[in-house]
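Let me begin by presenting the structure, written as structure tokens, before commenting on it.
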């Protein structure tokens, strides 16, 4: 160290008043609750209610309390599985859209207190909350604003009921560090026996500012989640994938629960944005959000979960993975096995930082002050960082490794209390006496993970290629994902039904022509659609299609695959299915129902018939669409009995 640097360091340690000031924050910055949320980057979701016992995704609100009766409910097992997977917080669906409460709420009879489970003395919320304390996990609550059971939903009286329940949860089960406000609002429901369709203005009905005040008052360190936060935003899909880049900032006033803006904006964020509003990537370990035995063989593989880890946490968002307890009240063995495989890969990759022991050399250090030295990117501390003078916005930092090191993952982090400061970055390796770029991108934020092919080099360089202000980088780490872990695995696996080789579409209510022909619904190509949006505009439901399967047989069910082209228009959310021997006489539908949550989670839907239906012809009727005023079908399939 030269004399000048020694003097600077000595004066700094002595508390010299003239020492250089830290960089000023840039743009929106996270508050204390958001910083805590960022620290818990891997979160578990627990979807558990009457739906678990009715085999539905969305309950109708008329389910009897007696149906909720887990045979071996084990909060300790559920939370232990989550903790061993590396989760740092669990969010429980205390009340889903069906209105059934997993705690003995004094404001309704539609709760566990009137179920046979533990003779009405049970409290799922209490047991999960206590188990979280035991295993060191933070606890979060999901309280659906929509209630298909309550007689006053869509009326002013319901808001009082909803806020009373929010107070119950936030008073009796704390500390609570995240509160989820779902975006589903209004529609068909039981509503105390009225059995009608109710609509609300979801921008004004809940009076969100005053509802949020309850959370701020009772749990000031809790972050609230919705399309528009106010602290954490939805990522715009239920596939667990953040945009690239995914900025932590948004123009928040354009968003609110249930009415976000364009999903692409939620997915990528907005730069620079008016508020710090980071994304949470929600996805289920199974196709559905609630447990269904028929999905036991469709659990995401460890490799798929690892891929989602990089596409959520690795892009600066948090990873929220749903683990739906089964009818016993436990996390199913298949889910546990997948989580264990996932954790094995993550631990093998990140247990060691291969840059430890390296020398960090920066092109510039702020004021030559040791508080902002390049070495801070290697010290493993979240409260130290490398920075530069205010006018230096495109500096470089080199890790001199001292020997050849092989890595395939790079981890970068910014010091969040100073905001998201880097626009663009690049990474170089030293090869044959020159620098060679191997990666580049936009946004760093809470964490940025690059994952690629093996690289062996003695030096690695980070270049900040575009930034509005000087950087504040707290981590530059190198890791090696083992070769045995580097394979792909299925995520949203499709149910394969009967072969379609002899099928024909014999009639449909509307034929859109080549671009939307009815035959597209059975061509085994999910990219093509049958739709009822023609040259003269949308053709409203109900709309039907009739399929000749070529021979008489017994069918056990039907599959419906919605479109996956980035739009939800025409996706069917209410349906009827008929089976006929001759295609002329149909009789009563063999199945009729609702595809709950299909707009937000447009995955293959599986309908199991109550009993096998014998026939040759099948008619699928789209009664209603979740979005738009027409019907669209990517693929229809049939299952053997």
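The values are calculated or read from the model by the stated rules, or taken from the named source; none is laboratory data. On a predicted model such as this, the values are computed, not experimentally measured, just so you know. Here the Cβ is made from the backbone with ideal geometry for all residues, glycine too, and neighbour counts use every protein chain on show.
If residue 636 meets every condition in (1) at positive phi; (2) crowded, with 16+ Cβ neighbours inside 10 Å apart from one, which number is that one?
(1)
Can you pull out every residue in segment 442-477 that is over 26 Å from residue 280 (Cβ atoms) and crowded, with 23+ Cβ neighbours inside 10 Å?
460, 462, 464, 470
Of all residues in segment 144-182, which are farther than 28 Å from residue 573 by Cβ, part of a loop (DSSP other than H, G, I, E, B) and in contact with a strand residue (DSSP E or B) (Cβ under 6 Å, 6 or more places away or on another chain)?
176, 177
Here are some residues: 469, 505, 436, 460. Which one is at pLDDT 95 or above and within 30 Å of residue 558 (Cα to Cα)? Don't jump to the end; show me each part of the working.
Working: 469 fails: within 30 Å of residue 558 (Cα to Cα); 436 fails: within 30 Å of residue 558 (Cα to Cα); 460 fails: within 30 Å of residue 558 (Cα to Cα).
Result: 505 is the single residue among 469, 505, 436, 460 that is at pLDDT 95 or above and within 30 Å of residue 558 (Cα to Cα).
For segment 610-634, enumerate the residues that are in a strand (DSSP E or B), under 30 Å from residue 148 (Cα atoms) and in contact with a strand residue (DSSP E or B) (Cβ under 8 Å, 6 or more places away or on another chain).
Just the residues of segment 610-634 that are in a strand (DSSP E or B), to begin with: 610-625, 632-633.
From what's left, under 30 Å from residue 148 (Cα atoms): 610-611, 619-625, 632-633.
Within segment 610-634, 610, 619, 620, 621, 622, 623, 624, 625, 632, 633 meet the criteria.
For residues in segment 402-422 being more than 21 Å from residue 313 (Cβ to Cβ) and without any contact (Cβ under 8 Å) to a residue 60 or more places away in the chain, which is surrounded by the fewest Cβ atoms within 10 Å (Cβ to Cβ)? Talk me through it step by step, then tell me what you get.
Of the residues in segment 402-422, the ones more than 21 Å from residue 313 (Cβ to Cβ) are 402-406.
When the remaining residues are screened for being without any contact (Cβ under 8 Å) to a residue 60 or more places away in the chain, the result is 402-404.
Values: 402: 11, 403: 7, 404: 9.
Here the answer is 403.
Test each condition in (1) crowded, with 22+ Cβ neighbours inside 10 Å; (2) more than 25 Å from residue 284 (Cβ to Cβ); (3) modelled with pLDDT under 95 for residue 190 and report the one that comes out false.
Among (1) crowded, with 22+ Cβ neighbours inside 10 Å; (2) more than 25 Å from residue 284 (Cβ to Cβ); (3) modelled with pLDDT under 95, residue 190 violates only (3).
From the residues in segment 556-587 that are in contact with a strand residue (DSSP E or B) (Cβ under 8 Å, 6 or more places away or on another chain) and within 23 Å of residue 263 (Cα to Cα), which one is modelled with the lowest pLDDT?
Here is the first cut: in segment 556-587, the ones in contact with a strand residue (DSSP E or B) (Cβ under 8 Å, 6 or more places away or on another chain) are 556-563, 569-583, 586-587.
Adding the requirement that they be within 23 Å of residue 263 (Cα to Cα) leaves 561-563, 569-573.
Values: 561: 96, 562: 96, 563: 95, 569: 91, 570: 95, 571: 96, 572: 97, 573: 95.
Going through the qualifying residues, I end up with 569.
Taking the conditions exactly as written (under 32 Å from the mean Cα position of the chain (by Cα) and either within 19 Å of residue 492 (Cα to Cα) or not assigned by TED's automatic domain parsing to the domain that holds residue 620 (or both)), does residue 566 satisfy them or not?
Details: under 32 Å from the mean Cα position of the chain (by Cα): yes; either within 19 Å of residue 492 (Cα to Cα) or not assigned by TED's automatic domain parsing to the domain that holds residue 620 (or both): yes.
Yes.
Taking the options 590, 607, name whichever one is over 24 Å from residue 512 (Cα atoms), touching a strand residue (DSSP E or B) at 6+ places or on another chain (Cβ under 7 Å), surrounded by 17 or more Cβ atoms within 10 Å (Cβ to Cβ) and free of Cβ contacts under 8 Å to residues at least 40 places away in the same chain.
Result of the check over 590, 607: 590.
Mind counting the residues in segment 301-323 that are in contact with a strand residue (DSSP E or B) (Cβ under 8 Å, 6 or more places away or on another chain) and assigned to a loop (DSSP other than H, G, I, E, B)? Before the answer, list the steps.
Filtering segment 301-323 for residues in contact with a strand residue (DSSP E or B) (Cβ under 8 Å, 6 or more places away or on another chain) gives 305, 308-323.
Right, trim to assigned to a loop (DSSP other than H, G, I, E, B) and you get 316-317, 323.
Residues in segment 301-323 being in contact with a strand residue (DSSP E or B) (Cβ under 8 Å, 6 or more places away or on another chain) and assigned to a loop (DSSP other than H, G, I, E, B): 3 in total.
Quick check: anything in segment 244-257 at positive phi and part of a loop (DSSP other than H, G, I, E, B)?
Step one: list which residues in segment 244-257 are at positive phi, which gives none.
Scanning segment 244-257 turns up no residue that is at positive phi and part of a loop (DSSP other than H, G, I, E, B).
Conditions first: (1) within 19 Å of the chain's Cα centre (by Cα); (2) part of a helix (DSSP H, G or I); (3) over 18 Å from residue 130 (Cα atoms). Residue 53 passes all but one, so which condition is the exception?
It fails just one condition, (1).
If I ask for residues that are surrounded by fewer than 23 Cβ atoms within 10 Å (Cβ to Cβ), in a loop (DSSP other than H, G, I, E, B) and at pLDDT 95 or above, which ones from segment 288-297 would you list? Spell out the reasoning first.
Narrowing segment 288-297 to residues surrounded by fewer than 23 Cβ atoms within 10 Å (Cβ to Cβ): 292-297.
Right, trim to in a loop (DSSP other than H, G, I, E, B) and you get 292, 296-297.
Once the filter is applied, which keeps residues that are surrounded by fewer than 23 Cβ atoms within 10 Å (Cβ to Cβ), in a loop (DSSP other than H, G, I, E, B) and at pLDDT 95 or above, segment 288-297 yields 292, 296.
Out of all the residues in segment 372-382, which are more than 24 Å from residue 404 (Cβ to Cβ) and surrounded by 18 or more Cβ atoms within 10 Å (Cβ to Cβ)? Reasoning before the result, please.
Taking segment 372-382 as the starting set, the residues that turn out to be more than 24 Å from residue 404 (Cβ to Cβ) are 372-373, 376, 381-382.
Of everything in segment 372-382, those that are more than 24 Å from residue 404 (Cβ to Cβ) and surrounded by 18 or more Cβ atoms within 10 Å (Cβ to Cβ) turn out to be 372, 373, 376.
Within segment 471-495, how many residues are more than 22 Å from residue 355 (Cβ to Cβ) and assigned to a loop (DSSP other than H, G, I, E, B)? Lay out the reasoning, then the answer.
First, pick out the residues of segment 471-495 that are more than 22 Å from residue 355 (Cβ to Cβ): 484, 487-495.
Add one more test, that the residue is assigned to a loop (DSSP other than H, G, I, E, B), and what stays is 487-495.
Result for segment 471-495: 9.
Against the condition in contact (Cβ under 8 Å) with a residue 40 or more places away in the chain, closer than 25 Å to residue 295 by Cβ, in the same structural domain as residue 519 (by TED's automatic domain parsing) and part of a loop (DSSP other than H, G, I, E, B), how does residue 583 come out, does it pass?
Values: in contact (Cβ under 8 Å) with a residue 40 or more places away in the chain: yes; closer than 25 Å to residue 295 by Cβ: no; in the same structural domain as residue 519 (by TED's automatic domain parsing): yes; part of a loop (DSSP other than H, G, I, E, B): yes.
Judged against the criteria, residue 583 is not a match.
Let's see how each residue does on (1) without any contact (Cβ under 8 Å) to a residue 40 or more places away in the chain; (2) in a loop (DSSP other than H, G, I, E, B); (3) buried (at least 22 other Cβ atoms within 10 Å of the Cβ):
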position: 343; (1), (2), (3): no, no, no
position: 348; (1), (2), (3): no, no, no
position: 353; (1), (2), (3): no, yes, no
position: 357; (1), (2), (3): no, yes, no
position: 360; (1), (2), (3): no, no, no
position: 364; (1), (2), (3): yes, yes, no
position: 384; (1), (2), (3): no, yes, no
position: 389; (1), (2), (3): no, yes, no
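With closer than 21 Å to residue 386 by Cα, in contact with a strand residue (DSSP E or B) (Cβ under 8 Å, 6 or more places away or on another chain) and touching a residue at least 60 places away in the same chain (Cβ under 8 Å) as the only criterion, which of 429, 461 stands out?
Values: 429 fails: touching a residue at least 60 places away in the same chain (Cβ under 8 Å).
Residue meeting the stated conditions: 461.
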